[in-house]
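A.B. asks: Supplied in structure tokens, the structure appears directly below.
What follows is calculated from the coordinates using simple rules that are stated; it is not laboratory data. As the structure is a prediction and not an experimental result, all values here were calculated from the model. Every residue, glycine among them, receives a Cβ derived from its backbone with ideal geometry; neighbour counts consider all protein chains shown.
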Amino acid sequence: MSYLESLNESQFDAVTAPLGPVRVLAGAGSGKTRVLVSRIAWLLNTEQCRAHSILAVTFTNKAAFEMKVRLQDLIQTSLKGLWMGTFHSLCHRLLRMHWQEAKLPQNFQILDSDDQTRLCRRIIREAGVDEKTIQPRELANYISGHKEEGRRAHHLEFYDQHEAQLIELYKLYQTACETAGLVDFSEILLRSLELLRDNSAILEHYQERFQFILVDEFQDTNSVQYAWLKLLARKHERLFVVGDDDQSIYGWRGAKIENILNFDRDFPETTTVRLEQNYRSTQAILSAANAVIAKNSERLPKKLWTDNESDQLLVGYRATDGYDEARFVVETIQDLLKKEEGVRKSDIAILYRSNAQSRLFEEFLMRKQIPYRVYGGLRFFDRAEIKDILSYFRLIVNPKDDVSIERAMTTPPKGIGQATINRIREFATTHGASLWDSANMMLESQALPTRTHNVLLSFVTQINEMKALTENDLALPDLFSEIIERSQLKPHYKKEPLGRGEDRIDNLNELITAAEYFTNGEKVELAFIEEEIDPLSLPLYEQLEAFLGQTSLNSSENQAEIDEDSVQLMTLHASKGLEFPYVFMVGLEDGLFPSDNSLSERRIEEERRLAYVGITRAEKKLFLTSAESRMIYGKTLYLPVSRFVRDIPPELVELEGPGIRVTPTSVNSNSNHAFNTPRTDGIEGFNLGDLVEHPKFGEGVIQNFEGSGPSTRVVINFSNGGRKVLVLSFAKLTKLD
DNA sequence: AAAGACAATTTTTTT
DNA sequence: AATTGTCTTT
């Protein structure tokens, strides 16, 4: 077993750990995936367990795919029967296979977050609640938040009127989902947990089957996911979890870092293995990462080290503004590509806190004609035009889908407006029927005004005819293009200004290509069947069902991209698990990263972990950039260098460019370490981010300090929207808390 | 009912 | 700044 020989000591210990509960604390770049894959290979080779008995959970679909490939490289036996995927895809499969026990209709569809928010808006309006007291997104977050903790509406108690309303709306929302046959993301998990919990036969079957359960990125599991794992693993307790508490960055999505911190409490027999040798980064990068993460209190002790030598320092650059920052980054990239031997564009990554920040870099890269690829952001299946056409498809598969029908009825405009929809909805509520059934009943009763009757009739006919198409002997892509034509969406988009419509039409065509890829491509794993299957062997209608099932959970990395060698742009979150020789972390300013919200809500530890993730992506060289001024929401802000950068020992960082810059707004100069431009430690009792009150301007938050001594000035953003630079000693500021 | 002008608001992160 | 929703007009 040659793959065991190339492991270091702790990796070997992890791979060959006893079969009971195992927790592997894997620092960044310590060979985590390798251990996980080797463990599975080891199980298959030595324990003679079949792939059939293994359940492996990954964080993304992409990770699952890559892991399968790597695994297949290590072993000779077949992987048939192995369950590997994300929590969502595995739970989705369970629900498809046991839809009756899960009390779902066979053709249930998945509601993505956008659909969920739309549905929430509708529920709020319908309940006669003011959208300003409860915003759709607030309700959606409330519902998801509770579902992630395993709480249904009837579990909840209220302490005030507002929450009472939320609970009421949660109930209404759930009823709406049930009648429409819709399941949101967190519902997939919760429903699946309840399925196992309430059906002992099913539970025992899977407990018996999955003797070995392995989980990647365990630090990012939420309560329901952990409960699901515990339930499945209860019998054999052969639960092998891998993770790094320092890289837990999805707390906002319900992830519980406690899951990994307290794993040994839930499973007293736990063997814990620490992987502390880093194979990825230079010592300088690692030292920087350690310095940043050391400030966190809630973490398991561990010390990353490396044999790699530290030949290069980190590079810091303080730009004047966002443009200057982008210029610096892109010019540096040009230099790298030109001067350094064998540097490929895909060796270079630009990492930022939020998607919106990619724009400037894209602009400059385009100008210099450097190919790039942006990950994340608006995904293909999230695009409006794709959702528009998919609403027709979904309606064909599940006429009860009230979310899709409304979209299909109104896009493109076909004479059915708000008034008509309200009418149908009213009918639907009183009769407890779906919108589709209601529309049909109303047509039959002839109770509608002629004009309304006619437009509604032609809509219903249109959908029925589309549905009839699925009974023909068509290929899936042909069905797609036929329905796209009939939907009249193309002429509708054509009317949009600025060639935007052209893009949309391109995307529709792209969808046809996706259908071709789906049918001609590899065999696919279908949610409702255990084996891989050739989609073409299915009847057309089921092909469509299968396609929809695949897209809803696979929306991110599905699209075939141009294989061109390109610079990689992504958010820090999206970079987790990846590595690049050259990494640019940009927008490193307090207020951007860490973001304003996390500063006020004390979520700073998670932001710090995010910084740690970013830093540890770099193999050879790490560039840290920030800008003195930046446009945010159309306003120019002057933000200080990120506290995370300031946590890095100055001797690790080499400064490029002018370093300290003397500008009209910044005459700061108390040391030649350019990163200390603004001081953040208290000045006369005031700190960055403090909430203060000014007798004339009211309340505001301290953004920056400028200058020193008696002329020290303070930059404040007031809550009335104004921004002022005041001389600290004159401004009569009171600190609020 | 649909198109256009206007105002408001922002997710930071994603299965 | 730019998108999204709301209000107004046709």
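A.B. asks: Sequence-distant or interchain residues sharing an amide H contact under 5 Å with residue A:571, placed H: which?
C.D. replies: HN-HN under 5 Å from residue A:571: A:352.
A.B. asks: Quick check on packing: order A:467-477, A:323-333 by the mean number of other C-beta atoms within 10 Å, highest mean leading.
C.D. replies: Values: A:467-477: 14.6, A:323-333: 20.6.
With the highest mean Cβ count within 10 Å placed first, the list reads A:323-333, A:467-477.
A.B. asks: Among A:144-151, A:298-305, how do they line up from the highest to the lowest mean number of other beta-carbon atoms within 10 Å? Don't jump to the answer; show the numbers that get you there.
C.D. replies: On the way: A:144-151: 18.5, A:298-305: 13.8.
Answer by packing, highest mean first, reads A:144-151, A:298-305.
A.B. asks: Which shape class applies to the stretch A:1-86: rounded if a/c is under 1.5, otherwise prolate when a/b exceeds b/c and oblate if not, where a ≥ b ≥ c are the square roots of the Cα gyration tensor eigenvalues? Kindly include the intermediate steps, with their values, before the conclusion.
C.D. replies: Numbers: a/c = 1.44, a/b = 1.15, b/c = 1.26.
Rounded is the answer for the stretch A:1-86, as its axis ratio a/c remains below 1.5.
A.B. asks: If each residue's Cβ is checked for other Cβ atoms within 10 Å, how do A:120, A:91, A:49, A:177 rank with the fewest at the top? Could the numbers behind the result be given before it?
C.D. replies: On the way: A:120 26, A:91 29, A:49 16, A:177 21.
Ranking A:120, A:91, A:49, A:177 by Cβ neighbours within 10 Å, fewest first, gives A:49, A:177, A:120, A:91.
A.B. asks: Another one. Fewest to most neighbouring Cβ within 10 Å: what's the order for A:70, A:238?
C.D. replies: Numbers: A:70 16, A:238 21.
Fewest-to-most Cβ neighbours within 10 Å comes out as A:70, A:238.
A.B. asks: Sticking with this one: When only Cα pairs under 8 Å and 6 or more residues apart are kept, what is the percent relative contact order across the stretch A:202-321?
C.D. replies: On the way: 130 pairs, mean separation 27.8, N = 120.
Normalised by residue count, the contact order of the stretch A:202-321 is 23 percent.
A.B. asks: Could you tell me the distance between the Cα centroids of the stretch A:1-70 and the stretch A:577-597, to the nearest Å?
C.D. replies: 30
A.B. asks: Which pairs, out of A:32/A:80; A:256/A:621; A:256/A:735; A:68/A:338, put more than 26 Å between their alpha-carbon atoms?
C.D. replies: A:256/A:621; A:256/A:735; A:68/A:338
A.B. asks: Sticking with this structure for a sec: Within the set A:235/A:295; A:295/A:339; A:103/A:387, which residue pairs have Cα atoms separated by over 31 Å? Intermediate values should be presented prior to the final figure.
C.D. replies: Values: A:235/A:295 40 Å; A:295/A:339 37 Å; A:103/A:387 27 Å.
Check vs 31 Å cut-off fails for A:235/A:295; A:295/A:339.
A.B. asks: In bins 10 Å wide, starting from 0, what share of all Cα pairs of the stretch A:105-188 does each bin hold, as a percent?
C.D. replies: Here the calculated profile for the stretch A:105-188 is 18, 56, 24, 2.
A.B. asks: Using only the Cα atoms, work out Rg/Rh for chain A, with Rh taken as the Kirkwood radius, to two decimals.
C.D. replies: On the way: Rg = 28.0 Å, Rh = 28.6 Å.
Answer for chain A: 0.98.
A.B. asks: Okay, moving on. Would you mind computing, in nm to one decimal, how far apart the modelled labels at residue A:472 and residue A:363 are, each placed 7 Å from Cα along Cα→Cβ?
C.D. replies: In this crude label model, residue A:472 to residue A:363 measures out at 4.8 nm.
A.B. asks: OK, next. Per the Kirkwood treatment, what hydrodynamic radius in Å, one decimal, follows for the stretch A:172-301 from the mean inverse distance over all distinct Cα pairs?
C.D. replies: Numbers: mean 1/r = 0.0582 Å⁻¹.
It is 17.2 Å.
A.B. asks: Under 5 Å between amide hydrogens, which residues at least 5 positions from residue A:655 or on another chain qualify, with H placed 1.01 Å from N in the peptide plane?
C.D. replies: Result for residue A:655 returns A:316.
A.B. asks: OK, next. What shape does the stretch A:290-360 have by the C-alpha gyration tensor, where a ≥ b ≥ c are the square roots of the eigenvalues, rounded means a/c under 1.5, and otherwise prolate means a/b greater than b/c and oblate the rest?
C.D. replies: oblate
A.B. asks: Does the stretch A:451-514 come out rounded, prolate or oblate, given a ≥ b ≥ c as the square roots of the eigenvalues of its C-alpha gyration tensor, rounded meaning a/c under 1.5 and, failing that, prolate meaning a/b above b/c?
C.D. replies: Values: a/c = 4.70, a/b = 1.16, b/c = 4.05.
Oblate, because a/c is 1.5 or more while a/b does not exceed b/c.
A.B. asks: Follow-up. Note the full-extension length gain between residue A:450 and residue A:234 as 0.36 nm times their separation in residues minus their Cα-Cα distance, in nm to one decimal. Each step should come with its number before you reach the end.
C.D. replies: Working: separation 216, 0.36 × 216 = 77.76 nm, distance 6.29 nm.
Extra length from residue A:450 to residue A:234 when fully extended: 71.5 nm.
A.B. asks: Okay, moving on. Please order A:84, A:67 by the number of other Cβ within 10 Å, starting at the fewest.
C.D. replies: So the residues, fewest neighbours to most, are A:67, A:84.
A.B. asks: Give, in nm to one decimal, the length gained when the segment between residue A:163 and residue A:206 is fully stretched (0.36 nm per residue of separation minus the Cα-Cα distance).
C.D. replies: Details: separation 43, 0.36 × 43 = 15.48 nm, distance 3.82 nm.
Extending this stretch completely gives an extra 11.7 nm.
A.B. asks: Using packing as a proxy for protection, rank A:624-631, A:154-161, A:343-350 so that the peptide with the highest average count of other Cβ atoms within 10 Å comes first.
C.D. replies: Final packing ranking: A:624-631, A:343-350, A:154-161.
A.B. asks: Cα centroid distance between the stretch A:267-332 and the stretch A:605-654, in Å?
C.D. replies: Each part's Cα centre sits 12 Å from the other's.
A.B. asks: Counting only residues 5 or more places away or on other chains, whose amide H sits under 5 Å from the amide H of residue A:215 once H atoms are built in the peptide plane?
C.D. replies: The answer is A:57, A:240, A:241, A:242.
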